[in-house]
Every structure is written in structure tokens, then in C-alpha cells.
Amino acid sequence: MTDSVTSEIREEASPVRVPTTSPPAFLNSVMRLFLRTPGLQRWLGKGLALLTFTGRHTGAIYTIPVSYSRQDDTVVVITKRLRNWWRNFGSCPEVELRLAGRRFSGRAEAAIGDATMAGFMTRYLEERPIDAKAYGLKKDQVTSAKIAQILPHIVVIRIEITPLS
């Protein structure tokens, strides 16, 4: 085998380590402000949204910035399984989204990543290199073998949305 083929095989076989870090709280605060500011929101809002939901135990209202993909009336958000906020969608799936300056209501359904989501995750992370990095992948490492390794560490949240007046 040539050195480049051997290198590619070694790269595919090496395990992906999904980082356990989260964005700093101040960054989420800044992003919430930017995503609520009309001029900045349109610029940032192409791949970022504000997701508002109710805490399942506390009843408190939370708003967090999330990266998303939209197909018609379905929005998909991914997060690391080790985070806890996605667990709020089991008993209280009602959410609000602010996408590109518009507000939507929706019902969220969370599922742990599995093999049926591999194609979607590959496209999602190829389109969003910064998200791929958050899951321990460089842009050129978004392959089906690497995606298969990170799927158990990912939660996929599907939200069916309707516009709010």
C-alpha cells in the first residue's frame, strides 16, 4: 500500500473524541442579544436560531442559541447527548423558535442519534464546519465511518413549526 492509502485507513480507524466542553455562558448571552437585534440577527440567523422552552422540573423559561437546519416546516437541531437541556422535550415538547427575525411555535421531539440519521448528519456537518469541530471532526473528516462513531453522542431534535402572529 502507498503511504497516502495507509494514512487514510489509519485516519478512518482512529477514534473520534467528542469534546465535553460547552460554550461559555457569556457567549450564549452575547449570541442571544445578537439574535434579537434586527440587523445582526439577519446576518447571523442563517444558521443560528433562538430556542425557547420550559424546564421540565423548574417550570422556568430558557432561551438558548442553537445551530439548525430547516426543511419546509421542520427544523432540526443537534446537540451533544451529555448536555441536559434536550431532556425537557420528553414531557413538555412545546417550544418557540426565532428564525431569521421571525417567531415560530413548535413541538420538539428528541432522539438519540442512530444509524438511520447518518446521511442527514453527514450533510449537516459538511455544511457546518464549525459544528463538525464541536463534535471532534475537522472538515475533511466528515465521513460515514466518523459519523458512525459520533452518532451515539448526539441528540437530534426535530421541531415541526408554525408561524406566530
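The values are calculated or read from the model by the stated rules, or taken from the named source; none is laboratory data. All values reported here derive from a predicted model rather than from experimental measurement. Heads up, the Cβs are rebuilt from the backbone with ideal geometry, glycines too, and the neighbour counts pull from every protein chain shown. Keep in mind that these areas ignore ligands, DNA and RNA; they rest on the heavy atoms of the full protein, side chains included. Shrake-Rupley method; radii C 1.70, N 1.55, O 1.52, S 1.80 Å.
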task = Please find the FRET efficiency linking Thr52 to Ala118, where r is the Cβ-Cβ separation and R0 is fixed at 25 Å, and quote it to the nearest 0.05.
result = 0.25
query = In nm, to one decimal, how far is the Arg107 label point from the Arg83 one, both placed 7 Å along Cα→Cβ?
reply = 2.4
Kirkwood-based Rg to Rh ratio, the chain, C-alpha trace = 1.01
query = Quick one: with all protein chains in place, what share of the accessible area of the chain is carbon or sulfur, to the nearest percent (1.4 Å probe)?
reply = 56
remark   = The helix 25-36 Cα axis meets the longest alpha-carbon principal axis of the chain at an angle in degrees, between 0 and 90 and rounded to 10, of 60
Cα-based shape type of the stretch 88-159, given that a ≥ b ≥ c are square roots of the gyration tensor eigenvalues and the cut on a/c is 1.5 = oblate
task = For Val30 and Thr74, compute 0.36 nm times the residue count separating them, minus their Cα-Cα distance, and round to one decimal in nm.
result = 13.2 nm
query = Any idea of the accessible area per residue across the chain, 1.4 Å probe, to the nearest Å²?
reply = 59
ask   = When only DSSP loop residues count, what trypsin sites (Lys or Arg not before Pro) in the stretch 126-165 have their Cβ near at most 13 other Cβ atoms within 10 Å?
value = Lys138
